[in-house]
Amino acid sequence: MLNRVTLDEVINTALQLPPDQREMLIGILRHRQNEARRDEMAADARRSIAMFHEGKLKAQPAEDAIDDLHRTLADAE
(Lines give C-alpha, C1' and ligand atoms only; values in the text may rest on other atoms or scores of the structure.)
Protein backbone atom coordinates (compact mmCIF):
# COMPACT_ATOMS: atom_id res chain seq x y z
CA MET A 1 0.00 0.00 0.00
CA LEU A 2 1.18 3.51 -0.80
CA ASN A 3 2.41 5.52 2.18
CA ARG A 4 0.79 8.94 1.88
CA VAL A 5 2.57 12.04 3.11
CA THR A 6 1.15 15.48 3.58
CA LEU A 7 2.28 18.55 1.70
CA ASP A 8 3.49 20.00 4.98
CA GLU A 9 5.67 16.92 5.56
CA VAL A 10 7.14 17.20 2.08
CA ILE A 11 7.91 20.90 2.55
CA ASN A 12 9.50 20.32 5.95
CA THR A 13 11.64 17.51 4.52
CA ALA A 14 12.66 19.63 1.53
CA LEU A 15 13.68 22.48 3.84
CA GLN A 16 16.13 20.10 5.52
CA LEU A 17 18.08 19.82 2.26
CA PRO A 18 21.10 22.02 1.64
CA PRO A 19 20.23 25.13 -0.42
CA ASP A 20 21.79 23.81 -3.65
CA GLN A 21 19.79 20.59 -3.40
CA ARG A 22 16.58 22.56 -2.72
CA GLU A 23 17.22 24.53 -5.92
CA MET A 24 17.82 21.27 -7.76
CA LEU A 25 14.55 19.86 -6.35
CA ILE A 26 12.65 22.94 -7.48
CA GLY A 27 14.10 22.57 -10.98
CA ILE A 28 13.22 18.88 -11.13
CA LEU A 29 9.65 19.51 -9.94
CA ARG A 30 9.20 22.36 -12.44
CA HIS A 31 10.58 20.20 -15.27
CA ARG A 32 8.35 17.26 -14.40
CA GLN A 33 5.30 19.51 -14.09
CA ASN A 34 6.03 20.94 -17.55
CA GLU A 35 6.41 17.42 -18.97
CA ALA A 36 3.12 16.34 -17.39
CA ARG A 37 1.36 19.39 -18.85
CA ARG A 38 2.82 18.69 -22.31
CA ASP A 39 1.66 15.07 -22.05
CA GLU A 40 -1.82 16.27 -21.06
CA MET A 41 -1.98 18.70 -24.01
CA ALA A 42 -0.78 15.98 -26.41
CA ALA A 43 -3.47 13.61 -25.13
CA ASP A 44 -6.10 16.35 -25.58
CA ALA A 45 -4.87 16.93 -29.11
CA ARG A 46 -5.03 13.21 -29.93
CA ARG A 47 -8.61 13.04 -28.58
CA SER A 48 -9.60 16.10 -30.61
CA ILE A 49 -8.07 14.70 -33.80
CA ALA A 50 -9.86 11.39 -33.24
CA MET A 51 -13.16 13.21 -32.66
CA PHE A 52 -12.58 15.24 -35.84
CA HIS A 53 -11.96 12.06 -37.86
CA GLU A 54 -15.11 10.54 -36.34
CA GLY A 55 -17.09 13.56 -37.54
CA LYS A 56 -17.82 14.79 -34.01
CA LEU A 57 -15.94 18.07 -34.64
CA LYS A 58 -16.09 20.26 -37.72
CA ALA A 59 -13.51 22.51 -39.32
CA GLN A 60 -14.17 26.21 -38.94
CA PRO A 61 -12.42 29.45 -39.86
CA ALA A 62 -9.88 30.71 -37.31
CA GLU A 63 -11.96 33.87 -36.73
CA ASP A 64 -14.95 31.75 -35.67
CA ALA A 65 -12.81 29.65 -33.34
CA ILE A 66 -11.36 32.79 -31.76
CA ASP A 67 -14.84 34.28 -31.35
CA ASP A 68 -16.00 31.06 -29.67
CA LEU A 69 -13.03 31.17 -27.29
CA HIS A 70 -13.77 34.82 -26.44
CA ARG A 71 -17.41 33.98 -25.73
CA THR A 72 -16.38 31.05 -23.53
CA LEU A 73 -14.01 33.27 -21.55
CA ALA A 74 -16.65 36.00 -21.20
CA ASP A 75 -19.20 33.43 -19.98
CA ALA A 76 -16.71 32.13 -17.40
CA GLU A 77 -16.40 35.60 -15.84
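The values are calculated or read from the model by the stated rules, or taken from the named source; none is laboratory data. Because the structure is a prediction, the values reported are computed rather than measured. All accessible areas refer to the heavy atoms of the entire protein, side chains included, with ligands and DNA or RNA removed. Shrake-Rupley method; radii C 1.70, N 1.55, O 1.52, S 1.80 Å.
Leaving ligands and nucleic acids out of the surface, order ARG37, ARG30, ARG4 by accessible area at 1.4 Å, largest first. Display every interim value, and only then the final one.
Working: ARG37 110, ARG30 145, ARG4 190 Å².
Accessible-area ranking of ARG37, ARG30, ARG4, largest first: ARG4, ARG30, ARG37.
Overall dimensions of the chain, expressed as equivalent-ellipsoid semi-axes from the Cα gyration tensor (√(5λ), whole Å, largest first), are 41, 17, 14.
Accessible area of THR6 (1.4 Å probe, protein heavy atoms only, ligands and nucleic acids ignored): about 70 Å².
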